[in-house]
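Q: Right, I'll just put the structure down here and ask away after.
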Amino acid sequence: MPVRSLTQSLLRWPEPELVLKAVEEWSQQQAAHCPSLQRVGVYGSYGRGEAGVGSDLDLLLIDAQAEGPQWSRYRRWPFEQLPLSCDALVLTPAELDQLLAAPTGGDPARTAMARALQQDCRWIWPQKSPRRGGGGC
């Protein structure tokens, strides 16, 4: 979210480097509470390095224990702690593999998402040794 400067009446948008650092710190905090979190990445304008004023944060979370529909997966994470509003996609490692292997010519939305992730995804927080089948959140 934009932050009001204490000395001016103008809103200042956080610098991209600060946003990415906040994502990294947030990811580490979440992993401490959720051992099944394996990776956190950004895509879209932050993944391409083109973020600017008004950019939202597109996050990709790889959670080995994710289950249920996306809306319920999304609700499990405190995204409000991040400095910007965000759109998040929470996938298991197998779901990510399936999405990235999606053939062109299939579902257009799925193909577009696969292409965006293949081209733009920048991993911010990789777990050094992913725990397969570890405890969920």
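The values are calculated or read from the model by the stated rules, or taken from the named source; none is laboratory data. Here the structure is a predicted model, which is why all the values come from computation and not from measurement. Cβ: placed from backbone, ideal geometry, glycine included. Neighbour counts: every protein chain shown.
Q: Only one of P78, P69 is closer than 24 Å to L100 by Cβ and either surrounded by fewer than 12 Cβ atoms within 10 Å (Cβ to Cβ) or aliphatic (A, V, I, L, M) (or both); which? Spell out the reasoning first.
A: Working: P78 fails: closer than 24 Å to L100 by Cβ.
Of P78, P69, the one residue that is closer than 24 Å to L100 by Cβ and either surrounded by fewer than 12 Cβ atoms within 10 Å (Cβ to Cβ) or aliphatic (A, V, I, L, M) (or both) is P69.
Q: Considering only residues that are among the small types (G, A, S) and without any contact (Cβ under 8 Å) to a residue 40 or more places away in the chain, which ones fall in the stretch 72-115? Quick ask: steps written out before the conclusion?
A: Pass one, the stretch 72-115, residues among the small types (G, A, S): 72, 85, 88, 94, 101-102, 105-106, 109, 112, 114.
Within the stretch 72-115, S72, A88, A94, A101, A102, G105, G106, A109, A112, A114 meet the criteria.
Q: When the stretch 23-74 is examined, which residues are found to be within 15 Å of A88 (Cα to Cα), hydrophobic (A, V, I, L, M, F, W, C) and out of contact with any Leu (no Cβ under 9 Å at 6 or more places or on another chain)?
A: W71
Q: Scan the stretch 40-66 for residues that are surrounded by fewer than 18 Cβ atoms within 10 Å (Cβ to Cβ) and β-branched (V, I, T) and report the count.
A: 1
Q: Just to confirm my filter: which helices (runs of 4 or more DSSP H) fall fully inside the stretch 12-102 and include at least 2 residues that are in contact with a Phe, Trp or Tyr (Cβ under 9 Å, 6 or more places away or on another chain), at pLDDT 95 or above and closer than 17 Å to W125 by Cβ?
A: 16-33
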